[in-house]
Amino acid sequence: MLRTHRRKSVLAAAALVATTMLLTACQGGATEDGGKSTGATASDSAAKGKSDDGGTGTSGKAQSVSKGSKRGMVSGKWAGTVAYLAPGKYTVTDANGAEQAFFTSEDTDIEGAGKICGAADGQAATPCTEEELEAAAKQGFAATVDVKDGVAVSIIEDHTDSGNGDGMGEGERSGLFSGTLGYMAPGKYSLSRDGNERAFFTATDTVINGAGWICGDAQTVTSCTEEDLEAAAKKGSIAVAVEVEDGVAVTIDEEHN
């Protein structure tokens, strides 16, 4: 009887040890699984972070493309000879030989006065097509080009280049003219282009816009005074575009450099 009781005690002890070992193993497995679960969470977090980084990268690329679409952020008004470079791409070269490239779009306002389209003796400019612009630019013509972010907002053919020039006439004609500004007398100026000279007058309400030479700087368009205009005209070599009505300047825009 004593032997049987001792045997049962041994078996119970062995069972207790086995149970303890089994629980320990289960706990270890839970820890490992927990570790794996934690590792998976960290991996998910890293993946999310990578995705976020990728998103930032994509944003950076988009900014780069956006910057490229601005084509160097060239803006301003240029008066000179327009020439063809490639479909939708042209240059305008001023009286001093400085060349500026620009693009056109379907919204570009193209107005002719005999060279692009229309008639040289017309009182108003004529709306022209891109095809007419391209054909005329391959031959070259004088115009004032208003550019924003590298794209032409408007291309207005210069009446001066369309024939029937009136030399030193007192301004019987009206229109948009360009050339090198010259001083003649108080309130009286001239535009010289290709050896031809045209006179015009200013008035108290003439709008004078400078871009570094008449007044202001090359970064922004600045409103100038008559005194600024006279001083600049006496120095010479300043390219301008002048809108004239009945011989009097409505606006004088210095060409951006």
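The values are calculated or read from the model by the stated rules, or taken from the named source; none is laboratory data. The structure presented is a predicted model; accordingly, all values stated were derived computationally and were not measured. Backbone-built Cβ (ideal geometry, glycine too); neighbour counts: all protein chains shown. Surface accessibility is based on the protein's heavy atoms, side chains included, excluding ligands, DNA and RNA. Shrake-Rupley method; radii C 1.70, N 1.55, O 1.52, S 1.80 Å.
Does V147 count as buried (at least 19 other Cβ atoms within 10 Å of the Cβ) and at pLDDT 90 or above?
Considered against the rule, which asks whether it is buried (at least 19 other Cβ atoms within 10 Å of the Cβ) and at pLDDT 90 or above, V147 comes out as yes.
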Hits in segment 193-229 - residues which are of a type outside the set (D, E, K, R), farther than 19 Å from V147 by Cβ, part of a strand (DSSP E or B) and in contact (Cβ under 8 Å) with a residue 24 or more places away in the chain:
N196, A199, F200, F201, V207, I208
List every residue pair whose Cβ atoms sit under 7 Å apart, with the two residues 6 or more apart in sequence or on different chains, where the first one lies in segment 95-113 and is polar (S, T, N, Q) and the second, anywhere, is open to solvent by 40 Å² or more (accessible area, probe 1.4 Å) and assigned to a strand (DSSP E or B).
T108/V153
Checked pairs for segment 137-153, first basic (K, R), second modelled with pLDDT under 90, C-beta under 9 Å and 6 or more apart or across chains, list as K148/V74; K148/S75; K148/G76
Please find, within segment 164-200, the residue that is most open to solvent (accessible area, probe 1.4 Å) out of those that are modelled with pLDDT of 80 or more and touching a His at 6+ places or on another chain (Cβ under 8 Å).
L176
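Given A120, A142, A152, A125, which one is within 19 Å of E243 (Cβ to Cβ), under 24 Å from the mean Cα position of the chain (by Cα) and modelled with pLDDT under 90?
Result of the check over A120, A142, A152, A125: A142.
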